[in-house]
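Worksheet: one structure, shown below.
The values are calculated or read from the model by the stated rules, or taken from the named source; none is laboratory data. Quick caveat: nothing in here was measured; it's all calculated off a predicted structure. Methodologically, a virtual Cβ is constructed for each residue, glycine included, from the backbone with ideal geometry; neighbour enumeration extends over all protein chains shown.
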Amino acid sequence: MLIDSHVHILAARHFDDRYRKEVGETGDIDLDLVAAQMERLHIDKYVVLPQDMTRIWRSRITNEFVFDFVRTHPEKTIGFASAEVLDDMGRFNAAGLDEFESAVRDLGLKGLLLTPPYGHYRPDIPAAYPFYQKAVELDVPLYFHQSAQGGPAVLAPLKYADPICIDRIANDFPSLRICVEHMGYPWTQQLLALMAHAPNVYTDVSAAFFRPQLLARNLLMAKEYGVIDRILYGSDYWYRKDQPAWEGQIRREIQWLQTDLNKIARSHSWRVFDEKEIRGILGQNAARFHRLEHAPNTG
């Protein structure tokens, strides 16, 4: 099974002028091309993510936009919702919690993405806890962008990005399935240590392939910490003008995991990764995380 656990779809209308001024222009993704590329790549499932950045950036890729896409590709897609846990005044966002519940119960979306650094808050604040409790009640997983990001510093300040605060959440909600995106870089070892004692926490390798030596080392650390079976593949598919190039990039990333990872490991006299571990990263770990029907358990 081949699963891309991290795919963004978006349109230019989702972004406010302030976002465009600080971060840059963002255009429309060709949704038909996304679906065609995933088909040609033989991706069995892919997780489709919105993103709510209303609080600071007045920008939002909506839950309805994701729903409209996934309902036309139901066999291949796993649609998520997104929310801001704080309102404009920095208070608990009760309306956002209601929207999250409706997205799951009424739209059939399968999880929640929170991006605390973009909202300029830490995810262990009290106002966020009703969202975690609701995710447990709805039995859906939660993604955190809890890492650095590639845009300007003002977009998602690092003081809000450290994944160590996930430790408290994982302990307070031991049945909540959590995925920390991007291996929590640059705090990857701390995240892996957290995962070692919090079996409900996973991570993905999205946006990590452009540092191949570091990624190989971090995957070796995951193996050493005993959490290699909770690493997920993700492409971080996003808008760019050369959207067709994503197909080749994803193909190269899959090949890197299948062949180049062990080439790097051998060049450093590191332990190599066996087929079960690589198959796990490419899909079986995500199948377990998302509780996909008929998915074999490789843990």
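List the pairs whose first member sits in the range 1-24 and is of a type in the set (A, V, I, L, M, F, W, C) and assigned to a helix (DSSP H, G or I), whose second member is modelled with pLDDT of 90 or more and surrounded by fewer than 15 Cβ atoms within 10 Å (Cβ to Cβ), and whose Cβ atoms are under 9 Å apart, counting only residues at least 6 apart or on separate chains?
Sorted first by the residue in the range 1-24, then by its partner, the pairs are ALA12/ARG20; ALA12/GLY27; ALA12/ASP28.
Do you know which residues across the range 25-46 are assigned to a helix (DSSP H, G or I) and of a type in the set (Gly, Ala, Ser)?
Within the range 25-46, ALA35, ALA36 meet the criteria.
I'm trying to understand the selection: among the residues of the range 218-262, which are without any contact (Cβ under 8 Å) to a residue 24 or more places away in the chain, more than 27 Å from GLN51 (Cα to Cα) and touching a Phe, Trp or Tyr at 6+ places or on another chain (Cβ under 9 Å)?
Residue satisfying the conditions is ASN262 alone.
Determine, yes or no, whether GLN149 is under 21 Å from ALA83 (Cβ atoms), outside any helix (DSSP H, G or I), out of contact with any Phe, Trp or Tyr (no Cβ under 6 Å at 6 or more places or on another chain) and of a type outside the set (A, V, I, L, M, F, W, C).
When the stated conditions are applied, GLN149 passes them.
Going through ALA265, ALA287 one at a time, which residue ends up being closer than 29 Å to LEU10 by Cα, in a helix (DSSP H, G or I) and in contact (Cβ under 8 Å) with a residue 24 or more places away in the chain?
Of ALA265, ALA287, the one residue that is closer than 29 Å to LEU10 by Cα, in a helix (DSSP H, G or I) and in contact (Cβ under 8 Å) with a residue 24 or more places away in the chain is ALA287.
Residues of the range 123-147 being surrounded by fewer than 18 Cβ atoms within 10 Å (Cβ to Cβ), more than 21 Å from GLU64 (Cα to Cα) and not aliphatic (A, V, I, L, M), which ones?
ASP124, PRO126, TYR129, PRO130, GLN133, GLU137
Can you find even one residue in the range 60-67 that is without any contact (Cβ under 8 Å) to a residue 24 or more places away in the chain and more than 23 Å from LEU292 (Cβ to Cβ)?
There is no residue in the range 60-67 that is without any contact (Cβ under 8 Å) to a residue 24 or more places away in the chain and more than 23 Å from LEU292 (Cβ to Cβ).
Residues are listed down the side, and each one gets a yes or a no for (1) farther than 18 Å from PRO130 by Cβ; (2) surrounded by fewer than 19 Cβ atoms within 10 Å (Cβ to Cβ); (3) under 19 Å from the mean Cα position of the chain (by Cα); (4) modelled with pLDDT under 95:
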residue	(1), (2), (3), (4)
TYR19	yes, no, no, yes
ASP32	yes, yes, no, no
ASP44	yes, yes, yes, no
SER59	yes, no, yes, no
GLU75	yes, yes, no, no
ALA83	no, no, yes, no
ASP106	yes, yes, no, no
